[in-house]
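Asks: Attaching a single structure in structure tokens format; questions to follow.
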Protein chains: 2
Amino acid sequence: MLEKTTRMNYLYDFYYSLLTPKQQSYMSLYYLDDYSLGEIAEEYDVSRQAVYDNIKRTEAMLEEYEEKLLLFQKFQERSKLLRHVKELLNEEHPSKQAMLEVVAELEKLD
Amino acid sequence: MLEKTTRMNYLYDFYYSLLTPKQQSYMSLYYLDDYSLGEIAEEYDVSRQAVYDNIKRTEAMLEEYEEKLLLFQKFQERSKLLRHVKELLNEEHPSKQAMLEVVAELEKLD
């Protein structure tokens, strides 16, 4: 569950601008502010089931966007390559060749 | 017009997966394969006006996606920073500090 929460937080971060204001509100209360379904239902004066259905649909939409645009996946790959560059720069005599190879990998990601 | 074509090619490249199959077909014939509106209309047995309207709507959608997700803008910023890294690596004694600063800029883009 923790892993799913982390993933949803990332997906929300990348794709929230594609959601409706209501989807944004429910998702950010549930995933960022850790409200329960019941608390959100009370806040918006709707049924707990309505909140649950909306959040489930939104989660599925976020996964669909990720399937199409891969922003989270590319972010992870890019982060890994940037960490690698920083490790190389920590060495006393960083290899230019190794650095150029990482830069080429970064370029390929776009 | 050439500038607009280049921009549309890029936006199409970033967001085509969010379009319908028909939108993808018309856009790729018009922008990538340089078909005229009349040629596309003939190919799909629809009016020239229908093709024109579809393409105009799709262009507006692509601009809306870019406004929300900024993938093209971030790509341009990232490309500039990666060119800068390569220039630094071309120097005889690249400054580690300068390189780390560019890496930090790249991280901020995500």
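We did not get these values from a lab; they are worked out from the coordinates using the rules stated. No experiment lies behind these values; they were computed from the predicted model shown. Counting neighbours? That spans all protein chains shown, and the Cβs are built from the backbone with ideal geometry, glycine included.
Asks: I want to check the label-to-label distance for B:SER36 and A:MET61. Put each point 7 Å from Cα in the C-beta direction and report it in nm to one decimal.
Replies: In this crude label model, B:SER36 to A:MET61 measures out at 4.2 nm.
Asks: Still on this structure, I have one more. Between copies, how close do the A:LYS80 label points come, placed 7 Å along Cα→Cβ, listed in nm from shortest?
Replies: Reported distances to equivalent positions: 2.9 nm.
Asks: Here's something else I'd like to know. Long-range amide H contacts for B:ASP110: which residues qualify at under 5 Å (H placed 1.01 Å from N, peptide plane, sequence gap of 5 or more or a different chain)?
Replies: none
Asks: Please average, across the residues of B:81-88, the number of beta carbons from any other chain that are within 10 Å of each residue's own beta carbon, and give a whole number.
Replies: That works out to 3 on average.
Asks: Give, as a single signed number, the net charge of other residues whose beta carbon lies under 12 Å from the beta carbon of B:SER36, with Lys and Arg counted +1 and Asp and Glu -1.
Replies: Local charge sum for B:SER36: -4.
Asks: Next up: Measure off 7 Å from each Cα along the Cα-to-Cβ vector at B:ALA50 and B:LYS68, then give the distance between these two points in nanometres to one decimal.
Replies: 2.7 nm
Asks: Per DSSP helix of 4 or more residues, -39500 (n - 2.57); summed, then divided by the residues of the protein assembly as shown. What does that give at 222 nm, rounded to the nearest 500?
Replies: Taken over the protein assembly as shown, the calculation gives -24500 deg cm²/dmol.
Asks: Rounded to a whole number of µm²/s, how large is the Stokes-Einstein D of segment A:1-69 at 4 °C and 1.567 mPa s, given Rh as the Kirkwood radius over C-alpha pairs?
Replies: Translational diffusion coefficient: 107 µm²/s.
Asks: Then there is this: If I take the Cα coordinates of the protein assembly as shown and project them onto the principal axes, what are the three extents in Å, biggest first?
Replies: Principal extents (Cα only, largest first): 59, 57, 21 Å.
Asks: Which lysines have a Cα less than 16 Å from the Cα of A:LYS4, not counting those fewer than 8 places away in the same chain?
Replies: Correct list for A:LYS4: A:LYS56.
Asks: Given the alpha-carbon gyration tensor of segment A:65-110, what are the semi-axes of its equivalent ellipsoid in whole angstrom, ordered largest first, with each equal to the square root of 5 times an eigenvalue?
Replies: In descending order the semi-axes read 26, 11, 4 Å.
Asks: Then there is this: Considering every residue in A:13-26, what mean count of other chain Cβ atoms within 10 Å of its Cβ is obtained?
Replies: Mean inter-chain Cβ contacts per residue within 10 Å come to 1.
Asks: Next question. Hey, got the dipole for chain B? About the Cα centre, +1 on K and R Cβ, -1 on D and E Cβ, debye to the nearest 20?
Replies: 240 debye
Asks: Taking R0 as 30 Å, what's the FRET efficiency between A:TYR16 and B:ASN90 from their Cβ-Cβ distance, rounded to 0.05?
Replies: After rounding, the FRET efficiency stands at 0.15.
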